[in-house]
Amino acid sequence: MVLTTILASCQERDRYITITGFAQGGTYAVKLNLKGVTATPEEIRDNVDGILGAIDISLSGYNRNSLLSGFNSGAAITPDSLFIDIYSLAWNIWEDTGGVVDAASAPLFDLWGFGFRSGEMPDDATVAATMKRSGMHRLRKNMKSAIAPDGTLKGRDMLKEEGQAPLLNYNAIAQGYSCDVVARYLYSIGVKDMMVDIGEIFCDGRNPSGKPWSLGIDKPVDGNNELGAQIQGIFRVPEGPHGIVTSGNYRKFYVKDRKKYAHTIDPRTGYPVAHNLLSATIIASDATTADAYATYCMVIGLEESIVFLESRQDLEGCLIYDEDGEFKTWCSSGFKLEDPQ
């Protein structure tokens, strides 16, 4: 982990630092202003690292020793506060999106090779069978009510009626949620100016130059896996707390018989989406919400996303889509995208 101190010129007492490290299969960076904060940079670094480690051992489907992996295997686990909290958020998101964003559709993600297990090109009968054991509609809303007196929980205890044990996958909101948890810690120690980048972003206050934070929106070119390598535009974040998340179909996909199969699965049909929306960037008051609705837009497609975003005063969005082989951009009224040149 690297800790770098940056002295800013906007105010004499401002002191910005950047903490970087590894988490969730990639790197993270947390930039913050130490003005008014009594915790040392080393303490902050250790606590951020500890928070991300706790999230990994609780919610990661790639960590075989996590609570989520144990739950998905059918074992009895002792859920922690993170495990209970994200389930509640996921349930509410499933309900609010009409089943479009569904953390209990993990069997479908696995089936198509975009979950925690390998898979590719299932036939229609297999998709139909997998649909029957997927979905939040099969599960209780309140996880706490299913926990046994000894504090343990099994997947089957979450079922409303008899059936196959559920599998959960929080990939649609986990990185946004991680940003929010880290941000809550930073607020608790008095941080006012921050940018938390864990693949997705949460920011508040101002940058070291005393200006609003600015972000580059990646160009959704197939295989563009290097963040910032190709930029569609620059977005200057309004003042106040905001989560900013981009979801797209240009990094995780495979091609079979000349047809592209994207990682965005529609839980309502069981199949990968097929439309011209390439990426959706959503800005909300928190990163979990932004993460969820970026996925939501990628499922429902361009036309429905435009109608949806125009109906929501609490969200702003930028949609990049393909039109006759060219990248086109639609932005809501509060999302001003600047030319990267």
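Note on region 134-165: among residues that are touching a residue at least 24 places away in the same chain (Cβ under 8 Å) and basic (Lys, Arg), the one that is farthest from TYR271 (Cα to Cα) is LYS144.
Criterion applied to THR18, THR5 was being closer than 19 Å to PRO208 by Cα, part of a strand (DSSP E or B) and modelled with pLDDT of 95 or more, and the one residue passing it is THR18.
Suppose the filter is modelled with pLDDT under 95, among the hydroxyl-bearing types (Ser, Thr, Tyr) and more than 20 Å from MET194 (Cα to Cα); does TYR87 pass it? No: the conditions fail for TYR87. When each of THR329, THR281 is tested for being surrounded by fewer than 22 Cβ atoms within 10 Å (Cβ to Cβ), out of contact with any Asp or Glu (no Cβ under 8 Å at 6 or more places or on another chain) and not small (Gly, Ala, Ser), the lone residue that passes is THR329. Taking first residues from region 49-70 that are in contact (Cβ under 8 Å) with a residue 12 or more places away in the chain and outside the structural domain of ASP85 (by TED's automatic domain parsing) and partners that are among the acidic types (Asp, Glu) and not in a helix (DSSP H, G or I), the Cβ contacts under 6 Å between residues at least 6 apart in sequence or on separate chains come to SER58/ASP80. Conditions: (1) without any contact (Cβ under 8 Å) to a residue 24 or more places away in the chain; (2) farther than 22 Å from GLY113 by Cβ. ALA274 meets all but one. Number of the miss? Of the numbered conditions (1) without any contact (Cβ under 8 Å) to a residue 24 or more places away in the chain; (2) farther than 22 Å from GLY113 by Cβ, the odd one out for ALA274 is (2).
Has region 232-243 got any residue that is out of contact with any His (no Cβ under 7 Å at 6 or more places or on another chain), closer than 20 Å to LEU277 by Cα and hydrophobic (A, V, I, L, M, F, W, C)? Yes, region 232-243 contains a residue that is out of contact with any His (no Cβ under 7 Å at 6 or more places or on another chain), closer than 20 Å to LEU277 by Cα and hydrophobic (A, V, I, L, M, F, W, C). One residue stands out in region 273-332 among those that are within 16 Å of the chain's Cα centre (by Cα) and among the β-branched types (Val, Ile, Thr): the one that is nearest to VAL100 (Cα to Cα), namely VAL299.
Taken over region 168-201, the residue count meeting the criterion of being farther than 24 Å from HIS263 by Cβ and not hydrophobic (A, V, I, L, M, F, W, C) is 7. Scanning region 91-131 for residues that are in a loop (DSSP other than H, G, I, E, B) and at pLDDT 95 or above turns up THR97, GLY98, GLY99, VAL100, VAL101, ASP102, ALA103, ALA104, SER105. Filtering region 184-207 for residues that are polar (S, T, N, Q) and either in contact (Cβ under 8 Å) with a residue 12 or more places away in the chain or touching a Cys at 6+ places or on another chain (Cβ under 6 Å) (or both) leaves a non-empty set. Annotation: THR289 fulfils all but one of (1) assigned to a loop (DSSP other than H, G, I, E, B); (2) within 17 Å of CYS203 (Cβ to Cβ); the unmet one is (1). If you filter region 294-308 down to residues that are farther than 14 Å from GLY248 by Cβ and touching a residue at least 24 places away in the same chain (Cβ under 8 Å), you find that the one that is surrounded by the most Cβ atoms within 10 Å (Cβ to Cβ) is ILE300.
No other residue among ASP314, ASP322 is surrounded by fewer than 14 Cβ atoms within 10 Å (Cβ to Cβ), outside any helix (DSSP H, G or I) and of a type outside the set (Lys, Arg) apart from ASP314.
Output the residue which, of all residues in region 51-90 that are outside any helix (DSSP H, G or I) and of a type in the set (S, T, N, Q), is surrounded by the fewest Cβ atoms within 10 Å (Cβ to Cβ).
ASN65
The values are calculated or read from the model by the stated rules, or taken from the named source; none is laboratory data. Quick caveat: nothing in here was measured; it's all calculated off a predicted structure. Using ideal geometry, Cβ is built from the backbone for each residue, glycine included, and neighbour counts are taken over all protein chains shown.
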